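The values are calculated or read from the model by the stated rules, or taken from the named source; none is laboratory data. What you see is a predicted model; the values in this text were computed from it and never measured. Because the Cβ atoms are built from the backbone with ideal geometry, glycine has one as well, and the counts that use them run over all protein chains shown. Quick note on the areas: whole protein, heavy atoms, side chains included, nothing else; ligands and nucleic acids left out. Shrake-Rupley method; radii C 1.70, N 1.55, O 1.52, S 1.80 Å.
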Amino acid sequence: MSAENRVEVGPAADFEDGDAAIVQVGRVEVGVIKAGGEFHALRNECPHDGGPVCEGKVEPRLVGEWGGPGERVDQHYDDDQCIISCPWHGWSFDVETGKHIGDDRYVLPKYDVVVEDGIVYVNSE
């Protein structure tokens, strides 16, 4: 990623897991999210109703196994799979893939992120 094709987000040390920063990348807002110790960047526009999805809560994904309708066998939070939920209507997306957790037809566009000399950048292309 060349310097002219990236947008500076800020110092990596300023982010804790669950933090997000919103930056303008070209004509769109992008949320840069730290989750599981890694940085991810997603378009800050929920496909449901255009809400600011990256301003929502970041949390571990609830996963489980079911034996049949209404019969839960195991249910736990997976710290390795984080989701972000739109603050408007609660639609939730995997922060790593951008996919909606219930219907993968809905995907938030992803952007490349790099940390260089302690500064977080997002690719503007």
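Being surrounded by fewer than 16 Cβ atoms within 10 Å (Cβ to Cβ) and either modelled with pLDDT under 95 or touching an Asp or Glu at 6+ places or on another chain (Cβ under 6 Å) (or both) is a property that Lys34 lacks. For the range 89-125, the candidate set comprises residues that are out of contact with any strand residue (DSSP E or B) (no Cβ under 8 Å at 6 or more places or on another chain) and farther than 28 Å from Glu8 by Cβ; within that set, the residue that is most open to solvent (accessible area, probe 1.4 Å) is Arg105. Considering Gly26, Gly98, Gly102, Gly56, the condition of being out of contact with any helix residue (DSSP H, G or I) (no Cβ under 8 Å at 6 or more places or on another chain) and at pLDDT below 90 is satisfied by Gly102 alone.
For beta carbons closer than 8 Å, sequence separation of 6+ or different chains, a first residue in the range 11-30 that is open to solvent by less than 60 Å² (accessible area, probe 1.4 Å) and a second that is among the aromatic types (Phe, Trp, Tyr) and in a loop (DSSP other than H, G, I, E, B), the qualifying pairs are Ala21/Phe15. Can you name every residue in the range 85-114 that is closer than 11 Å to His40 by Cα and in a strand (DSSP E or B)? Within the range 85-114, Asp94, Lys110, Tyr111, Val113, Val114 meet the criteria. Scanning the range 1-10 for residues that are among the charged types (D, E, K, R) and either free of Cβ contacts under 8 Å to residues at least 40 places away in the same chain or exposed (fewer than 14 other Cβ atoms within 10 Å of the Cβ) (or both) gives Glu4, Glu8.
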